[in-house]
Amino acid sequence: MKHTTTDLMLGATAAVLFCANSTLADVYVLEPGGGPATQVQDAIDLAQDGDTIELGSGYWTYGQDYLPFDLDGKRLTIKGEDDGWVVLGPDGKERFEYIITVHDSLAKGTSIQNLWFVGSGPDTGGVISVNNATLVVDKCLFMGLQGLFEDGITAVDSTLSVTDSYAISNSLIYGDVINCNNCTLTVDQCNFIDYNRPDPPRSGTGIYAVNGHSTITNTVFDRADSPNGVGLAIVASWGLIENCEFIETYGGVNVGASGGDDPLHINNCIFERTTSMPSNGTNPGRGVLAYGRVIITNSTFTGPDNGEYGGGIELVTGGIVAACTISDCSQFQYGGGATATGFSIFWGCDFINNKIEREGGGLNLRSGAGGSIVLDCRFEGNTALNGGGVSTRQITGDVPVRFYDCVFKRNEAQDYGGGIAAMQFGGPLALKDCCFEYNDSGVSSTRTAYSSDYGGYDRPIMSFEGCTYVKSSTPPPYTVDLGGNLRDILYPGDDTGIMLYTATGDFEAPGLDMPTDKHSVYAYDQSTGESDQYFDGWYMLQNDTIDAVARLDRDELIISLKGSGTTTPTNPNEAAQPYEGEDLLAFTATAFGFNTTGEWRLYFDGSDVGIPSGSAGDIDALAIEDDGALLLSFAGRFTHPDLGQIEDESVVRFRPTQLGEDTSGTWEYLFDSAYSGLSAPGEDIDALTIQQQWPDFTDFFLSTTGNCTIPDVTATDEDIIEMMWFRTFATLPPGWTHLWASGLNDLGFSSSQANLTGLHWAPVW
């Protein structure tokens, strides 16, 4: 039976009597504006175990539509309306209580579903408090929470499950998104996006679990819109972390010491560019920092700039690492790839292109690591001051560190030990069936693959059995790619963020030898502030104008050209490719940069799918989604047979079933001026790209044909705007758009005549 808000106001006593004698669960339906601020608590007071309280779709204002409510030990479901969105937002005033309290209900059956909790004000961090209870949180969003000590979810002596939920752009100084003490915690299919903003630096984490078992699976911790990273992702003692991604976080997983014998098992995870906090270079910044027992398997770690000890992994009391790849990690003390103090096993791991300023480019073994085993590992292209591949220091005792079937290739030390360096009291080392090839050290008298005598200290003799090694007399013929990036054809990639752009206006930019032209694509590098010519279309496109661009893969661009024309082939055996303004062309390169060469083909025929010829149907903005769908905006206004009226500020989605000469597919609206606020003359979207994409929202970069003024942003035609699109919002929420780059001040354009006509964001090549 369903009860509405009116039922609660007029028939409280009757409802209590009814529920007490009913064998069926009841549903209480509440609406924003439909009752007093206590209406949720009123419904809870009437409800019995097994009942559901459903909040109607809309924005619920704190103090007006709801106040903190307590389930009072009942097994209830609190949920947002199905197929709708329910936002529990603040009223701009400070609050110091958790919104929802669940306590004294250990039996299964209590859940919170389909709710968006929005903070954006001081002391709005605390959302859910769980004590001595069992709770499921499903399909919820925690966004913009702010607080000093509050956690998004606090659980004590409980069983907590969080599934299919998001935490976005929260700012908790000493709080955590999820904090569990003595709990059984399950987190699955969740996304923590910019979950603890770093300015000023926060001490809070994504998930903090102490004195309990944790199972965290299929979850992403992502920097989102912060250029430096976000916050420590996970603190846990024992359990399982599996199939998770950690992307540009301030540290990945901290393994806490546990009183029991069970380890924390980390399996099949990705740690990408985990880094230390800007305010404290020695802050734990590696992918995994383990103070307790840990087993790490089938995971990858990439850098750079990962902290002080162990760029990818630091085992403080030892551990097991198997079948992992640690590459391009770097820091400034010991162990560019990993460091271990305590008995450890490294089995079947690859240490590739790691870098350290002091000792152990690939691996550093220190005090307490005596007896450790390094089995079937590969050390290649690692660099250090001493011990390009491996270094050891302060290992005491008679039990050697054993290396079996390891490969040391093209490692380099500035001073001693290209392959291995046993430093001060570096302990006995035993190597069996290992291969040393083209390792090098910088001191001419000791250009050897290994060094066991340094600084006047006595060293135990390193024993070799069945090993091959090379004393190189010249530096090895290789270079270390510090980013480990893929390299495009005649154009090096970079993982610091590249923005491809096209433009008109005959202007100059830092890094370019000559003014820009309208038939070329340029690459702006955030790390240097300079541009470079990526695609040279002068010969192939003659005087044609590129007005949209997207990068399909390493050697292929999708390009829209203004008006109609024909490309000029660079090879006399190739045919020219005709096009119209409503078409998209694919260019497959054999060389990028100056004197670009390659072949053209028709990628998208707009006339096949209802786009009219002429200026109105000219495609002037393009982005490609993860699944290959095309996002398009047009230069003018026209009526489409499937979509109806399309404005020049609109963005529509085309899902292709076939591309090329006989293009076919389906259309749908993404957003128009009613959502974005772009409606005035000159506010036509003429450049568009995707920064990041999730199932229900997308982070866009865009530019407009002229000056633009919308909430939170004032921009010109040479500027880049960042704007979030939310599938469930009819209009853009405040605070989700800002000026990402000024063409004059950030990109360095020499003239305000510059007009960006195409954008493509390529953070990793």
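Every read-out reported here was derived from the displayed coordinates using simple, explicitly stated rules and does not represent laboratory data. The model shown is predicted, which means the values in this text are computed figures rather than measured ones. Virtual Cβ from ideal backbone geometry, glycine too; neighbours counted across all protein chains shown.
FRET efficiency for Asp262 and Glu97, Cβ-Cβ distance as r, R0 = 30 Å, nearest 0.05? Mind showing how you got there, number by number?
On the way: r = 36 Å, r/R0 = 1.19.
Calculated value: 0.25.
Averaged over residues, the count of other Cβ atoms within 10 Å places the peptides 421-432, 243-254, 73-84 in the sequence 243-254, 421-432, 73-84, highest first.
Rounded to the nearest whole Hz, the Karplus-based 3J(HN,Hα) values (6.51 cos²θ - 1.76 cosθ + 1.60, θ = phi - 60°) of segment 411-419 follow the sequence 8, 9, 10, 5, 10, 10, x, x, x, with x at glycine and proline. Length gained on full extension, Leu148 to Leu106: 12.2 nm, using 0.36 nm per residue less the C-alpha separation.
If you stretched the chain out fully between Ser527 and Glu508, how much longer would it get, using 0.36 nm times the residue separation minus the C-alpha to C-alpha distance?
On the way: separation 19, 0.36 × 19 = 6.84 nm, distance 1.89 nm.
In short, 5.0 nm is gained.
Ordering 160-171, 28-39 by mean Cβ neighbour count within 10 Å, with the highest value first, yields 160-171, 28-39.
Counting neighbouring Cβ atoms within 10 Å and putting the fewest first, the residues Phe507, Phe221, Phe149, Phe604 line up as Phe149, Phe507, Phe604, Phe221.
Sequence-ordered 3J(HN,Hα) estimates for segment 748-753 from the Karplus curve with 6.51, -1.76 and 1.60 and θ = phi - 60° stand at x, 5, 7, 9, 6, 6 Hz, glycine and proline given as x.
Between Thr657 and Thr731, with labels modelled 7 Å along Cα→Cβ, what's the label distance in nm to one decimal, could you check? Those two pseudo-labels are separated by 3.8 nm. The three principal axes of the Cα atoms in segment 328-395 give end-to-end lengths of 26, 24, 14 Å, sorted in falling order. If the Kirkwood radius is taken over C-alpha pairs of segment 487-762, then at 10 °C and 1.306 mPa s the Stokes-Einstein diffusion coefficient equals 85 µm²/s.
Can you give the local net charge around Thr666? Use residues other than it whose beta-carbon is closer than 12 angstrom to its beta-carbon, Lys and Arg +1, Asp and Glu -1.
Values: positive: Arg653, Arg655; negative: Asp642, Glu668.
Within the 12 Å Cβ shell, the charges total 0.
Under 19 Å between alpha carbons, and skipping anything fewer than 8 positions from Lys108 in its own chain: which lysines qualify? Answer for Lys108, where 19 Å is the Cα cut-off: Lys74, Lys79, Lys139, listed by chain and number. Spacing of the modelled spin labels on Asn573 and Ala37, each 7 Å from Cα toward Cβ, amounts to 7.9 nm. Among His103, His213, His760, His738, what is the fewest-to-most ranking by other Cβ atoms within 10 Å? Ranked by crowding around the Cβ, least crowded first: His738, His103, His213, His760. Each of Arg358, Arg273 was scored by other Cβ atoms within 10 Å of its Cβ. Arranged with the fewest first, they read Arg358, Arg273. Would you pull out the residues with amide H under 5 Å of Phe671's amide H, same chain only if 5 or more places away, H placed 1.01 Å from N? Residues meeting the amide H criterion: Val651. Among 402-412, 672-682, the peptide with the highest mean count of other Cβ atoms within 10 Å heads the list, and the full ranking is 402-412, 672-682. Modelled spin labels at Lys432 and Thr396, positioned 7 Å past Cα toward Cβ, are 2.8 nm from each other.
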